[in-house]
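Before any comments, here is the structure.
Just so you know, all these numbers are worked out from the coordinates, no wet-lab data involved. Fair warning: this is a prediction, and the values are worked out from it, not measured in the lab. Heads up, the Cβs are rebuilt from the backbone with ideal geometry, glycines too, and the neighbour counts pull from every protein chain shown.
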């Protein structure tokens, strides 16, 4: 009995330690998720009570796939997804360069990483001033260099997505580089020494040793980049407000706009669940692919 009593006390102590996390999960994760699912089946407005809301079933979900704003948002998200491999390649190149020791390497690493830990809103405001169509610093410099009609950047449906892509690449490069640096520094040095003895050159060592052993890092960066692309909204809100038209609207910002600007919480909840399933499907595909190529 004493043994059982001691085990019971140990179990009770353990449950008490994790109780705050359980309560926090129920209040701030499980309940909001369940509540959003209920709202997605109603026509609830932001300030409506449940008595004022009507149950409409799957109407919101059906309307999502007829919504031109939603379709354009997904297409814009896909545009940004196409350039994730380019961002990862640039991060890997930087990581390989700064993995070697030279004077000022740590200072340069910190400078590249700094935009990632700086407020996204502050960075977006600075870039807004730089890329302003008529009063921006970049266009003023281009005019001084003889360019009569410089691009409108954030004010042009043609240039707005490349401009945002440039900002996002600059902003997240340091974080991806840091992850790759951690992966590179975890590669055992004796493998390179053995390869040199066998006559392997730098290129052969990179593709035969480095790339396979950092494939798990590559997979992780790919996953978080895809999810971050779908969840992006603050940068779009500050820089363009989704415009011109729908040329820079992404699904994350469209959900925010639908909920808090159009006051349509029911439809926004349905959009959120569609986004959840998109991210879930992508994640499952990536996890399945991981078994095929992750070697470390």
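What the table below lists for this structure:
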item	result
Contact order relative to length of the chain, as percent, for alpha carbon pairs under 8 angstrom and 6 or more apart	28
FRET E, pair residue 144, residue 261, Förster distance 41 Å, beta-carbon r, rounded to 0.05	0.60
Computed over the range 119-249: relative contact order in percent, which uses C-alpha pairs under 8 Å that are six or more apart	31
Packing-based order for 209-219, 77-87, using average beta carbon neighbours within 10 Å, highest first	209-219, 77-87
Per residue convex hull volume, Cα atoms of the range 21-66, in Å³	89
Distance cut-off 30 Å, percentage of C-alpha pairs in the chain lying past it	52
Whole-number percent relative contact order across the range 35-148, with pairs defined as alpha carbons under 8 Å at least 6 apart	9
D (Stokes-Einstein, µm²/s), Kirkwood Cα radius, the range 69-132, 0.890 mPa s at 25 °C	168
Estimated FRET transfer efficiency (residue 17, residue 102; beta-carbon r; R0 45 Å; 0.05)	0.45
Length gained when the stretch residue 55-residue 125 is fully extended (0.36 nm per residue, less Cα-Cα span)	21.1 nm
